[in-house]
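Inspection log for the structure reproduced underneath, given as structure tokens.
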């Protein structure tokens, strides 16, 4: 039953995403609207479209959830493969989706701390490079002054 539902959901999902399906929905609404005057815009006439759209919406919820679950699982497997393939990755993070919200929040906070520490390290390195560049500039200016002083006065 589950395999049948999955195949049916995939097929229906593909069909619902096509232009001809949208066109069919528009055609149904036009036909329904055209019958309005003939039925005197009765409660029955309104009930037909309301019932139809309610049923379609109800069924689409399950279809969308199935499609979303399948897509999420596929993305998760792809990410797992990338993590496993990367030597520097933390393989213990492969099962993050199984953590509680509290554990996820704690992990996120630790990543924020790591990011801040890394940013501080980059900032320190940049300041050190700036100091070194300023020293190089001062050395160059001193050499230029000494070179200028060693030149004979041409006036």
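Please treat every number below as a calculation from the coordinates, not as lab data. Only a predicted model underlies this, so the values are computations on that prediction, with no experimental measurement involved. All Cβ positions, even for glycine, are placed from backbone atoms using ideal geometry, and neighbour counts span all protein chains on display.
Values for this structure:
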{"read-out": "If the convex hull is drawn through the Cα atoms of region 1-95, its volume per residue in Å³", "value": "137"}
{"read-out": "Principal-axis tilt of helix 19-38 within the chain, Cα atoms, nearest 10 degrees", "value": "40"}
{"read-out": "MRE, 222 nm, helices only [DSSP H, n ≥ 4, -39500 (n - 2.57), over the chain, to nearest 500]", "value": "-30000 deg cm²/dmol"}
{"read-out": "Volume in Å³ per residue [convex hull over Cα atoms, computed for region 90-138]", "value": "65"}
{"read-out": "Acute angle (nearest 10 degrees) that the helix 43-85 long axis makes with the longest principal axis of the chain, alpha-carbon atoms", "value": "40"}
{"read-out": "Candidates 66, 117, 95: whichever shows maximal mean-square fluctuation once the chain is modelled as a Gaussian network with Cα springs under 10 Å", "value": "117"}
{"read-out": "Percent RCO, i.e. relative contact order, over the chain, from Cα pairs under 8 Å lying at least 6 residues apart", "value": "17"}
{"read-out": "Footprinting exposure proxy for 55, 83 (fewest neighbouring C-beta atoms within 10 Å first)", "value": "55, 83"}
{"read-out": "Crossing angle, helix 2-16 versus the chain [Cα axis fit, 0-90 degrees, rounded to tens]", "value": "80"}
{"read-out": "Spatial separation of Cα centroids for region 2-71 and region 110-155, in angstrom", "value": "68"}
{"read-out": "Least to most buried among 104, 1 (fewest other Cβ within 10 Å first)", "value": "1, 104"}
{"read-out": "Cβ-based exposure ranking for 13, 2, in which fewest neighbours within 10 Å come first", "value": "2, 13"}
